[in-house]
Amino acid sequence: MLIVCTHCVATNRVPETRLAEDPVCGRCGRPLLDGRPVELTDANFDAVTRKTELPIVVDFWAPWCGPCRMMAPQFEAAARQLKGRALLAKVNSDDNPQVAARYAIRSIPTLLMLRGGAENKRLSGALQAAQIVRWVAQAQ
């Protein structure tokens, strides 16, 4: 399974049987799948989402958004529960307008599920961790 490091953008091959064992990047040594959401930006979004073979769930949010702030701990809890099965990522839509515009993000929070860089599913509004996990499981 190919996983792109969000820190140095190196592509890493991780055996599927070891996805839940905290793999680290072969180049920079930082965690690849530690059960916490990763930050994606206009600069690294395409490199990470196009080559990573795990489903990627992207939370488009902004710091001024009340529902986004309410959902943040739930998204983190879902990331822990989905460790090794999906990569959960956050994109600040104010700081990364190119990605937000490309996916026509009109309201936040909005979750996108990506496979191979292509949108597979979309859901808007604040959710609980169990709802996020169930939404991801239904798509797999």
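Data table
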quantity: From Asp46, Asp59, Asp94, residue being on the phi < 0 side of the Ramachandran plot, in contact with a helix residue (DSSP H, G or I) (Cβ under 8 Å, 6 or more places away or on another chain) and charged (D, E, K, R); calculated: Asp59
quantity: Any hit, segment 56-68, residues being open to solvent by less than 20 Å² (accessible area, probe 1.4 Å), closer than 23 Å to Pro31 by Cα and assigned to a loop (DSSP other than H, G, I, E, B); calculated: no
quantity: Residue list for segment 75-88, restricted to those being surrounded by fewer than 19 Cβ atoms within 10 Å (Cβ to Cβ) and not in a helix (DSSP H, G or I); calculated: Lys83, Gly84, Arg85
quantity: Given (1) in contact (Cβ under 8 Å) with a residue 40 or more places away in the chain; (2) surrounded by 15 or more Cβ atoms within 10 Å (Cβ to Cβ); (3) part of a helix (DSSP H, G or I); (4) within 15 Å of the chain's Cα centre (by Cα), number of the condition Ala72 does not satisfy; calculated: (1)
quantity: Criterion (hydrophobic (A, V, I, L, M, F, W, C) and closer than 14 Å to Cys8 by Cβ) met by exactly one of Cys68, Cys25; calculated: Cys25
quantity: Residues within segment 8-30 that are open to solvent by 60 Å² or more (accessible area, probe 1.4 Å) and outside any loop (DSSP other than H, G, I, E, B), tallied; calculated: 6
quantity: In segment 31-40, the residues that are surrounded by fewer than 15 Cβ atoms within 10 Å (Cβ to Cβ) and under 18 Å from Gly117 (Cα atoms); calculated: Glu39
quantity: One residue from Val133, Val91, Val99, Val48 being outside any helix (DSSP H, G or I), in contact (Cβ under 8 Å) with a residue 24 or more places away in the chain and crowded, with 17+ Cβ neighbours inside 10 Å; calculated: Val91
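Okay, residues lined up against (1) closer than 14 Å to Met71 by Cβ; (2) open to solvent by 60 Å² or more (accessible area, probe 1.4 Å); (3) polar (S, T, N, Q); (4) outside any strand (DSSP E or B):
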| site | (1), (2), (3), (4) |
| --- | --- |
| Asp95 | no, yes, no, yes |
| Ser107 | yes, no, yes, yes |
| Met113 | no, no, no, no |
| Asn120 | no, yes, yes, no |
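The values are calculated or read from the model by the stated rules, or taken from the named source; none is laboratory data. Bear in mind the structure is a predicted one, so any value in this text is a computation, not a measurement. All Cβ positions, even for glycine, are placed from backbone atoms using ideal geometry, and neighbour counts span all protein chains on display. Heads up: the accessible areas ignore ligands, DNA and RNA and are worked out on the full protein's heavy atoms, side chains in. Shrake-Rupley method; radii C 1.70, N 1.55, O 1.52, S 1.80 Å.
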